[in-house]
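What follows is a single structure, written as structure tokens, with notes after it.
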Amino acid sequence: MTPEACPAAGRVLAISGGIGGAKLALGLYRALAPQSLIVLANTADDFEHLGLHISPDLDTLMYTLAGINNPELGWGRDEETWTFMRALGELGGETWFRLGDGDLATSIERTRRLAGGETLSEITDDFAGRLGVRAQLWPMSDDAVRTRVETAGQELAFQHYFVRERCAPAVTGFRFEGAECARPSPRLIRALGSNGLRAVVICPSNPFISVEPILAVPGVRAALSSCAAPVIAVSPVVGGRALKGPTDKMMRELGIEIGPTAIAARYRDLIDGFVLDLEDEAARQRCGVPSLCARIVMRTLADRERLAREVLRFADSLDSRTVG
């Protein structure tokens, strides 16, 4: 526990995508007793590439919590080398999705173990433990769910849209292939139904491609909406701009107002509270749920920890109000 760790009992469940959500997940990890944090990761970004099973959001969260993430890129491992990619390019291979040598090792070992019959959850538990992560990091499902991005011209696999095409095509919608047949993590359903949960925090991740794929897995939305603990969402947009990634671009192309009220509306049936930036305070009364204005741009480690503590105090205040 860090010197300013929050003392309240109970576990906290953070729902997160990759880079943007990982910042708050790290803040929560440092603000809580590490074993008290559960991080539920989006795996609809997973894909098969070069014969490997790659889990971008899971790995970003794992490296971030382990303290070995690449601070410049925001993804991949720190002090990475690129021998594999250079050699692959020399042979005419596909290099649009960059895998550093250390990151490649993670994907190779994951693929080998999946082929041997282990589940993604089992492998993630082992990897995280070996890297010194004391929080629990859970994939949303051990079954394959794949985000498909609908554009005016064609439907694209998510990584083709996001990395290969650099988010350039205009978005018209999303489809989560395999979601209807997927089973949620059994641990997740048990956690949401338990009395030992202090709060659920939906991190400032893209709602369309990071959070809604998780909610599309049968049983997750219902378990979350009936959860006894307060559910708090943190806005991924500030002043009409995305904190990270193409959230604002997607909202514009889908004809959705770029602002915190539209984000709150997408989670309206699930959340008990919403956190928006001080810059957007004028929109606070239109969020439709109790709200907190805070500085949600997290440029430093201190920013991550400060926001985590503020979110937890906000959740505790809502829980007290409900109980009282």
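The values are calculated or read from the model by the stated rules, or taken from the named source; none is laboratory data. Everything numeric here is computed off the predicted structure, so don't read it as measured data. Cβ placement follows ideal geometry from the backbone for every residue including glycine, while neighbour counts extend to all protein chains displayed. The area values use the complete protein model at the heavy-atom level, side chains included, leaving out ligands, DNA and RNA. Shrake-Rupley method; radii C 1.70, N 1.55, O 1.52, S 1.80 Å.
Which one of these does P213 not meet: (1) more than 21 Å from K23 (Cα to Cα); (2) out of contact with any helix residue (DSSP H, G or I) (no Cβ under 6 Å at 6 or more places or on another chain)?
(1)
So A8 passes all but one of these: (1) assigned to a helix (DSSP H, G or I); (2) at pLDDT below 95; (3) hydrophobic (A, V, I, L, M, F, W, C). Which condition number does it fail?
Answer for A8: the failing condition is (1).
Applying the selection to the stretch 64-88, what residues are small (G, A, S) and at pLDDT below 95? Outline the logic, then answer.
Narrowing the stretch 64-88 to residues small (G, A, S): 66-67, 74, 76, 87.
Within the stretch 64-88, G74, G76 meet the criteria.
Does G76 fit the bill of being within 20 Å of Y29 (Cβ to Cβ) and of a type in the set (G, A, S)? So that I can check it myself, show each step before the final result.
Numbers: within 20 Å of Y29 (Cβ to Cβ): yes; of a type in the set (G, A, S): yes.
Yes, satisfied.
For the stretch 85-130, which positions are closer than 24 Å to L40 by Cβ and open to solvent by 40 Å² or more (accessible area, probe 1.4 Å)?
E109, L114, G117, E118, T119, E122, D125, D126, G129, R130
Please tell me if V217 is in contact (Cβ under 8 Å) with a residue 60 or more places away in the chain, buried (at least 23 other Cβ atoms within 10 Å of the Cβ), among the aliphatic types (A, V, I, L, M) and over 22 Å from R146 (Cα atoms).
The answer is no for V217.
How many residues does the stretch 245-263 hold that are crowded, with 19+ Cβ neighbours inside 10 Å and touching a residue at least 60 places away in the same chain (Cβ under 8 Å)?
3
Taking the stretch 41-78, which residues are among the charged types (D, E, K, R), part of a loop (DSSP other than H, G, I, E, B) and either on the phi > 0 side of the Ramachandran plot or open to solvent by 30 Å² or more (accessible area, probe 1.4 Å) (or both)?
Going residue by residue through the stretch 41-78, those that are among the charged types (D, E, K, R) are 45-46, 48, 57, 59, 72, 77-78.
Of the ones still in play, those that are also part of a loop (DSSP other than H, G, I, E, B) are 45-46, 72, 78.
Selection gives E72, D78.
Within the stretch 149-159, is there a residue that is within 30 Å of L197 (Cα to Cα), part of a loop (DSSP other than H, G, I, E, B) and open to solvent by 10 Å² or more (accessible area, probe 1.4 Å)?
Here is the first cut: in the stretch 149-159, the ones within 30 Å of L197 (Cα to Cα) are none.
For the stretch 149-159, residues within 30 Å of L197 (Cα to Cα), part of a loop (DSSP other than H, G, I, E, B) and open to solvent by 10 Å² or more (accessible area, probe 1.4 Å): absent.
What number of residues within the stretch 27-40 are surrounded by fewer than 24 Cβ atoms within 10 Å (Cβ to Cβ), of a type outside the set (G, A, S) and under 15 Å from L312 (Cβ atoms)? Step through it out loud before you land on a result.
Step one: list which residues in the stretch 27-40 are surrounded by fewer than 24 Cβ atoms within 10 Å (Cβ to Cβ), which gives 30, 33-36, 38.
Still in the list and also of a type outside the set (G, A, S): 30, 34-35, 38.
Filter again for under 15 Å from L312 (Cβ atoms), leaving 30, 34, 38.
Residues meeting the conditions: 3.
For the stretch 289-324, name all the residues that are in contact with a helix residue (DSSP H, G or I) (Cβ under 7 Å, 6 or more places away or on another chain) and either open to solvent by 60 Å² or more (accessible area, probe 1.4 Å) or acidic (D, E) (or both).
Once the filter is applied, which keeps residues that are in contact with a helix residue (DSSP H, G or I) (Cβ under 7 Å, 6 or more places away or on another chain) and either open to solvent by 60 Å² or more (accessible area, probe 1.4 Å) or acidic (D, E) (or both), the stretch 289-324 yields R295, E305.
Checking T172 against (1) among the polar types (S, T, N, Q); (2) under 30 Å from S36 (Cα atoms); (3) in contact with a strand residue (DSSP E or B) (Cβ under 6 Å, 6 or more places away or on another chain), which single condition isn't satisfied?
So the condition that T172 fails would be (2).
Restricting attention to the stretch 79-118, which residues are over 18 Å from L137 (Cβ atoms), in a loop (DSSP other than H, G, I, E, B) and free of Cβ contacts under 8 Å to residues at least 24 places away in the same chain?
Hits for the stretch 79-118 are E79, E80, T81, W82, L91, G92, T95, R98, G116, G117.
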